[in-house]
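The values are calculated or read from the model by the stated rules, or taken from the named source; none is laboratory data. Remember, predicted model here, so these are calculated numbers, not experimental data. Here Cβ is always computed from backbone atoms with ideal geometry, including for glycine, and neighbour counts include all displayed protein chains.
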Amino acid sequence: MIGPLGNGADDRSTGSGHPPVLDVRELTKVYGEGEAAVHALRGVNLVVERGDYVAIMGSSGSGKSTLMNIVGCLDVPTSGRYLLDGVDVSRLNDRQLALVRNRLIGFVFQAFNLIPRTSALANVELPLAYAGVPAAERRRRALAALDMVGLAGRAGHEPNQLSGGQQQRVAVARALVTEPALVLADEPTGNLDSRSTADMLTIFDELNAAGRTIVLITHEPEVGSRARRLIKLFDGQISADVRQDGPAGAGGADRMLDQPTATMERIP
Amino acid sequence: MNLFEILRFAVRGVTANKLRSALTTLGILIGVGAVILLVAVGNGSAKQITDRIAALGTNTLTVQSTSRGGASSTAITVETAEALRDPVLAPDVRSVSPVVSASATITYQGADHSVQQFVGTYPTYFGASNTPVGTGTAFTEEDVAQGRRVLVIGRTVAEELFPGVEPVGAEVTVGGSLFTVVGVLEEKSSSSGFQDANDVAIAPLTAVQQTLTGYGPVSSVVVEAAGSDRVDEAQAQIATILDQRLKVSTTGSGNGSNPNSSPYRIQNASQLLETQSETADTFTVLLGAVAGISLLVGGIGITNIMLVTVTERTREIGIRKALGAPRRVILTQFLAEATMLSLTGGGLGVAAALIGSRFTVVGVKPVIVPSSIALALGVSVAIGLFFGSVPASRAAGLRPIDALRYE
Ligand SMILES: Nc1ncnc2c1ncn2[C@@H]1O[C@H](COP(=O)(O)OP(=O)(O)OP(=O)(O)O)[C@@H](O)[C@H]1O
Ligand SMILES: [Mg+2]
């Protein structure tokens with residue numbers, strides 16, 4: 001085992017025998033009602049297989065975050081079906097949903113959503129605490145995750161003592177610390193400079209190389225081009241869905257090892 | 001996630017926002033403390049009144065002259081008092097003690113003390129007025145008959161004149177005459193109003209008349225009834241005797257006689273006790289109402305702080321749910337936080353009230369009512385728990401995304 005994100009490589013199989021990770025059918029989401037109703041999603045169909053790396057792009061207000069929140073089990077659709085690992089999410093109760101959110105999904109919010117007045121370390125430890133990981137182990141893994149995003153030196157800082165980019169990286173560390181099979185990231189590089197963005201993409205590439213499914217939202221074409229599959233959302237509907245030969249393809253992970261920063265090898 | 005872990009989260013939640021936690025605690029502290037202390041003050045003043053009256057003796061009657069001019073026909077004299085001791089006309093009278101009082105300065109070896117009440121009376125006065133002698137002895141019937149200059153002094157007088165010295169047997173000077181101290185009174189608990197009940201000196205009636213007051217009318221007559229249930233009868237009997245002796249016309253008493261025309265007044269301690277304790281009860285009820293209002297205000301304060309924090313906490317709950325916290329774990333954490341704050345505030349409030357009750361508040365020594373502690377603590381903790389956990393429980397029931405968007 002290389003590190004916290006290193007196991008699970010056996011899950012890399014792409015579908016045969018397994019149901020797709022995400023299976024979204026005719027999904028709609030309407031906010032408000034009557035005159036003021038906003039149709040954020042107008043019938044989205046999307047299937048994502050295990051180990052895929054999907055980028056979603058689209059103009060502001062096209063429904064990207066809405067879709068992501070539903071896929072992350074944080075919100076419910078107005079109509080349509082959503083199967084997560086073949087299971088209809090609408091049938092899950094509160095306890096099962098908590099388990100899914102905790103074990104299966106790592107979610108990076110567009111607005112970070114760190115707990116105020118609580119150190120970065122404690123924020124990252126939180127999902128592990130809810131997973132019942134013992135304190136010492138929790139601390140070790142949280143520190144490793146912070147180190148991975150280059151924030152080992154900021155573990156004791158509270159969110160209001162961190163820059164926007166640093167908060168974003170804490171949020172990523174918190175999403176990855178539980179080693180989730182499905183990583184959902186809403187503009188994880190939105191506040192980062194090009195170098196931090198490159199580091200972050202390296203992390204995602206390695207995660208994907210290790211077999212994890214990644215769905216991320218982005219406005220930056222160079223981020224979108226790194227994914228294996230690019231989906232364009234327009235006005236609540238999928239307007240384009242292309243497979244691409246991104247760097248995250250076959251040889252991607254090997255290439256990443258040449259980069260000096262943020263490699264998995266640094267994680268104890 | 002085990003309970004211990006959740007409690008650690010709660011502690012962290014409480015300490016994360018110290019100002020908010022401190023304000024919540026303070027609100028509960030003030031609510032609880034104010035209620036307990038106010039009720040204690042009310043109770044204390046009621047106790048004080050009853051004590052003061054009980055100190056007079058509940059089966060005593062005090063006869064006082066109401067005529068100011070001192071017309072000799074209506075003045076109450078020692079003879080009038082003696083006439084009240086009549087086994088035939090007044091069978092329910094146990095003892096009669098005529099009282100003369102003066103203010104005088106007692107001097108002992110250069111030190112002097114101006115005593116508030118210098119009383120001349122009979123030995124029966126000690127029993128009737130409920131002022132037992134602590135050390136030494138009281139004077140006797142014979143002392144009165146002989147006009148011996150002996151003196152029983154109160155605690156305050158003893159402390160003023162004889163610091164660290166045994167007063168019994170000492171010779172003091174009062175108004176130029178030598179008196180021998182034969183006893184010291186027991187300490188009286190309650191000071192009546194502005195007077196110090198322990199600042200007294202009691203001597204035989206005859207001695208005081210000789211040296212200080214002369215042989216005029218007496219200030220009052222303390223009459224002791226045969227029992228506390230015989231007080232009314234005794235009062236009627238001595239009224240009859242007094243009417244006779246003082247030649248009060250009883251003809252007009254039936255219709256519209258002015259009670260002020262009566263040359264004397266009889267005060268009944270048990271009647272006094274009744275009316276006074278009614279007043280004291282009213283006072284306690286009033287203070288209780290004030291306490292209730294302060295509890296209400298404190299409760300609103302707690303509610304306010306708890307509700308103001310809901311927005312922030314709702315977002316936090318949304319985050320926790322998104323990270324996989326089950327509803328039950330969140331509820332336990334927030335309930336534990338509310339419990340900690342409420343109990344800390346309540347405990348400190350009780351402590352503050354207990355400390356505050358050691359001091360005299362507006363001349364009253366507060367006496368804690370145990371049930372007020374339970375009530376104040378119960379109400380405040382209930383309010384704290386309710387408003388601390390109900391919004392949390394509501395937020396925990398929301399979808400994470402709705403909790404995160406809460407404003
Ligand atoms: N809670 C809500 N109530 C009402 N309308 C909403 C709500 N959330 C989103 N919307 C609307 O739904 C539409 C889609 O919003 P969404 O947040 O999914 O956009 P987005 O694609 O993520 O945009 P951005 O790139 O700016 O983050 C927008 O028009 C928005 O105004
Ligand atoms: Mg968005």
Task: Failed criterion for residue A:65 (all others in (1) within 16 Å of ligand 1 (Cβ to nearest atom); (2) in contact with a Leu (Cβ under 6 Å, 6 or more places away or on another chain); (3) within 12 Å of chain B (Cβ to nearest Cβ) hold) - done: (2)
- [ ] Could you identify the single residue in B:97, B:177 that is farther than 30 Å from residue B:276 by Cβ and either β-branched (Val, Ile, Thr) or in contact with a helix residue (DSSP H, G or I) (Cβ under 9 Å, 6 or more places away or on another chain) (or both)?
- [x] B:177
- [ ] Considering every residue within the range B:379-401, establish whether at least one is outside any helix (DSSP H, G or I) and at pLDDT 85 or above.
- [x] yes
- [ ] State whether the residues of the range A:130-152 include one that is at pLDDT below 95 and within 16 Å of ligand 2 (Cβ to nearest atom).
- [x] no
Task: Complete set of residues in the range B:1-18 that are in a loop (DSSP other than H, G, I, E, B) and farther than 19 Å from residue B:328 by Cβ - done: B:17
- [ ] Would you mention how many residues in the range A:68-92 are over 17 Å from the mean Cα position of the chain (by Cα), in a loop (DSSP other than H, G, I, E, B) and more than 10 Å from chain B (Cβ to nearest Cβ)?
- [x] 4
TODO: Would you point out the residue of the range B:123-155, among those that are more than 25 Å from residue B:165 (Cα to Cα) and of a type in the set (A, V, I, L, M), that is surrounded by the fewest Cβ atoms within 10 Å (Cβ to Cβ)?
DONE: B:145
- [ ] Might you let me know whether the range A:190-207 holds any residue that is closer than 23 Å to residue A:41 by Cα and surrounded by fewer than 24 Cβ atoms within 10 Å (Cβ to Cβ)?
- [x] yes
TODO: May I ask you to say which residue of A:135, A:131, A:155, A:171 is within 13 Å of chain B (Cβ to nearest Cβ), touching a helix residue (DSSP H, G or I) at 6+ places or on another chain (Cβ under 6 Å) and of a type outside the set (Phe, Trp, Tyr)?
DONE: A:131
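Take residue A:66 and tell me if it is away from ligand 2 (no atom under 14 Å from the Cβ) and polar (S, T, N, Q). Reasoning before the result, please.
Values: away from ligand 2 (no atom under 14 Å from the Cβ): no; polar (S, T, N, Q): yes.
No; evaluated as a whole, the condition is false for this residue.
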Task: Answer from A:44, A:71 - the residue that is at pLDDT 95 or above, out of contact with any Lys or Arg (no Cβ under 8 Å at 6 or more places or on another chain) and more than 25 Å from residue A:127 (Cβ to Cβ) - done: A:44
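Report yes if residue A:127 is buried (at least 18 other Cβ atoms within 10 Å of the Cβ), away from ligand 2 (no atom under 16 Å from the Cβ) and within 18 Å of residue B:398 (Cα to Cα), otherwise no.
In short, no.
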Task: Residue list for the range A:211-223, filter: surrounded by fewer than 21 Cβ atoms within 10 Å (Cβ to Cβ) and either within 13 Å of ligand 1 (Cβ to nearest atom) or β-branched (Val, Ile, Thr) (or both) - done: A:219, A:220
Open item on the list: Please determine whether any residue of the range A:112-119 is free of Cβ contacts under 8 Å to residues at least 12 places away in the same chain and either over 23 Å from residue B:315 (Cβ atoms) or at the interface with chain B (Cβ under 10 Å from one of its Cβ atoms) (or both).
Closed with: no
